[in-house]
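Below: the structure, in structure tokens.
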Amino acid sequence: MLTCYTVSMSITDNTPQHNSRSCTGMSPETVLKSVFGYSSFRPLQKEIISNVLSGRDTLAVMPTGGGKSLTYQIPALIFDGVSVVISPLIALMQDQVTSLAGYGIHAVFLNSSLEWSDYLGSVESIRSGQTRILYVSPEGLATQRIREILHDVHVCCFTVDEAHCISEWGHDFRPDYLGIAGIREQFPGAVCLALTATATKQVRSDILKNLRLKNPAVLVASFNRPNIYLEVQNKRDPFLQVSDFLGKHKDESGIIYCFSRKQVDQLVLSLRNTGFPALGYHAGLSPEERTEHQDLFIHDKIQIMVATVAFGMGIDKPNVRFVIHYDMPKSLEQYYQEIGRAGRDGLPAEALLLYSPADIHKIRYFFDSGSDSAKAEILLQGMIKYATCRSCRRRMLLAYFGETFPESTGPAELCCDICECGPVPEKDVTIYVQKFMSCMLRTGQRFGMAYIIDVLLGSRQKRIVDNGHNKLSTWGIGTELGREDWFELGNDLIEEEYIEKTEDYGVLSLTASGRNLLASRQTVLLPVLFSGNEKPLQLIKTGFRLHKKMQAVIDENDREAVRIASELRRWRQKQAEEENVPPYVIFGDKTLADIACVKPDCRETLLTVYGIGEVKAEKFGSAIIRIVKN
């Protein structure tokens, strides 16, 4: 069992009591500073907490790393009673309970991973009033045993984490979430807080309806994560592309997402053979293997995790510096959720997507026969639009979630590859366009892009031969370009609205503009970047380097600070091993950097450091001050 510390609630102020749930007299600001060591709230945190404390049901949409956990943890320390957090994964519960123990907050989880004696001990701590926060899964909440426990205590708040799981339009729909509303209504005095990082208007509507929230406040924070650099590369030699990327991020922690278990295993083997320390995570591994690999990653014993989507939702590791998508996700919701696992500490991080049209066919293969294939296709189209867009990716991503992103105001705002690269120079592609469109016409405008390209490249696959298209004048006339370059051109023609593609089967047809273009034989200039061409010099990421310098990191010229940070990292690793917790539970990287910059020499100065509250100052203060002085 975890060792937990008692949080002193002796501090009082003149904050009015909103309702019978609140008893400690502490203000949210007092808890924020004294317990968690933060001097100010992040955007929307205070508004959400105020609504919850006043007893108003609330739906809050905040980006991953935006501080959602504090919006229920702070009320839990102010309320009189138990706050119940409904969480989808055991790993997420364990991680949260471990982190809270580091702040001196008594929290427990009840699930099947506990030994019976530990389970009974947790139940006793709940009934005795010692526990402030209880984590359960939606399946666990539905059991008679847990409902009886809750009826024996005063439940002041229900928090539904990952609330998008209650919507069939959410990227990770879980039917068990639909039973939460009925159980919650058995506790009419408890306020309800729904939290999610990804929710379109449709998903938000489903959350409100399915949770039956009463007169809810709906608060939506900006989806923008300015510290995450967004980049898409055409997938040409994916292993080489990943290896090059990892070579520039040595000793940094990151996640690589793959479409299949087989791809995970192959990539892990190739990376390890090349000298990159990597482990795999997917549903094909035994529970013991998955737990071991996850623990090694969380404890910074292994830097690279290669995984399917089975990995990540339960990870609160703040120092993930990059997320790579080896294969394209099924939706922008899934993509946004996964890249959000990088840079949770607010320091610079990168998101790299390797895009290939072949990934589209792999994804469609798994939903073509499904009853919700039309819905899946709509979600997939959003992902394709992002991967192939020619304008700011950040603006397009935010627009998908209903947010308007302002025009870039300078180098510090250039946080996607398109903005930093500058416009791709236009080139004369008239002959290629004529060949492409002519092939569309001669095949009857009844096929998708892959088929048209196969005809242009002279493929003899059975379908082409059976259709007699190997006898067309356009068969085999496009070998001067590679397959991916033809896809690049085709996507450009769609974006320029010369051709259009049906949403259901991806069939291509000429628009009126396309017909006029082909008939007039006029010169066509498009910003196409073919794989055989050198990238223009302006593709260097100077803007992101400037952006990194703006972060609260250590000045490399301050040699004393660099030495202090190095010693603190060694001390943190040793302390984490002694307590058998992840290093970030002791202190995050941002806190170590702030210590190195502030160089505290007494307890009062130490309490001004980011992320150090009363409990951590008491527990680790003497060791930190000793390291700084030495």
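Structure summary
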{"quantity": "Enumerated helices (runs of 4 or more DSSP H) restricted to segment 420-514, each holding at least 3 residues that are open to solvent by less than 60 Å² (accessible area, probe 1.4 Å)", "calculated": "430-442, 449-456, 483-495"}
{"quantity": "Residue check, Glu578 more than 22 Å from Ala342 (Cα to Cα) and either modelled with pLDDT under 90 or touching a Ser or Thr at 6+ places or on another chain (Cβ under 8 Å) (or both)", "calculated": "no"}
{"quantity": "Residues being modelled with pLDDT of 85 or more and outside any helix (DSSP H, G or I) - total across segment 351-377", "calculated": "5"}
{"quantity": "Per-region count, segment 603-616, residues buried (at least 18 other Cβ atoms within 10 Å of the Cβ) and without any contact (Cβ under 8 Å) to a residue 40 or more places away in the chain", "calculated": "1"}
{"quantity": "Index of the failed condition, Asp57 passing every other in (1) charged (D, E, K, R); (2) farther than 22 Å from Ala190 by Cβ; (3) open to solvent by less than 30 Å² (accessible area, probe 1.4 Å)", "calculated": "(2)"}
{"quantity": "Sole exception among (1) of a type in the set (S, T, N, Q); (2) in contact with a strand residue (DSSP E or B) (Cβ under 9 Å, 6 or more places away or on another chain); (3) in contact (Cβ under 8 Å) with a residue 40 or more places away in the chain for Ser54, by number", "calculated": "(3)"}
{"quantity": "Qualifying residues in segment 577-594 (those that are farther than 21 Å from Gly65 by Cβ and assigned to a helix (DSSP H, G or I)) - the one most open to solvent (accessible area, probe 1.4 Å)", "calculated": "Glu578"}
{"quantity": "Residue identified as over 31 Å from the mean Cα position of the chain (by Cα) and of a type in the set (D, E, K, R) among Asp589, Asp601, Asp594", "calculated": "Asp601"}
{"quantity": "Boolean, Thr502 is among the hydroxyl-bearing types (Ser, Thr, Tyr) and within 17 Å of Ile431 (Cβ to Cβ)", "calculated": "no"}
{"quantity": "Residue ranges of helices (runs of 4 or more DSSP H) in segment 256-350 with at least 1 members modelled with pLDDT under 90", "calculated": "287-298, 332-339"}
{"quantity": "Selected residue (criterion: least open to solvent (accessible area, probe 1.4 Å)) from residues of segment 144-167 that are part of a loop (DSSP other than H, G, I, E, B), at pLDDT 90 or above and not charged (D, E, K, R)", "calculated": "Val153"}
{"quantity": "Residue within segment 176-191 that is open to solvent by 60 Å² or more (accessible area, probe 1.4 Å) and in a strand (DSSP E or B) present", "calculated": "no"}
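The values are calculated or read from the model by the stated rules, or taken from the named source; none is laboratory data. Fair warning: this is a prediction, and the values are worked out from it, not measured in the lab. Neighbour counts run over all protein chains shown; Cβ positions are idealised from the backbone, glycine included. Surface accessibility is based on the protein's heavy atoms, side chains included, excluding ligands, DNA and RNA. Shrake-Rupley method; radii C 1.70, N 1.55, O 1.52, S 1.80 Å.
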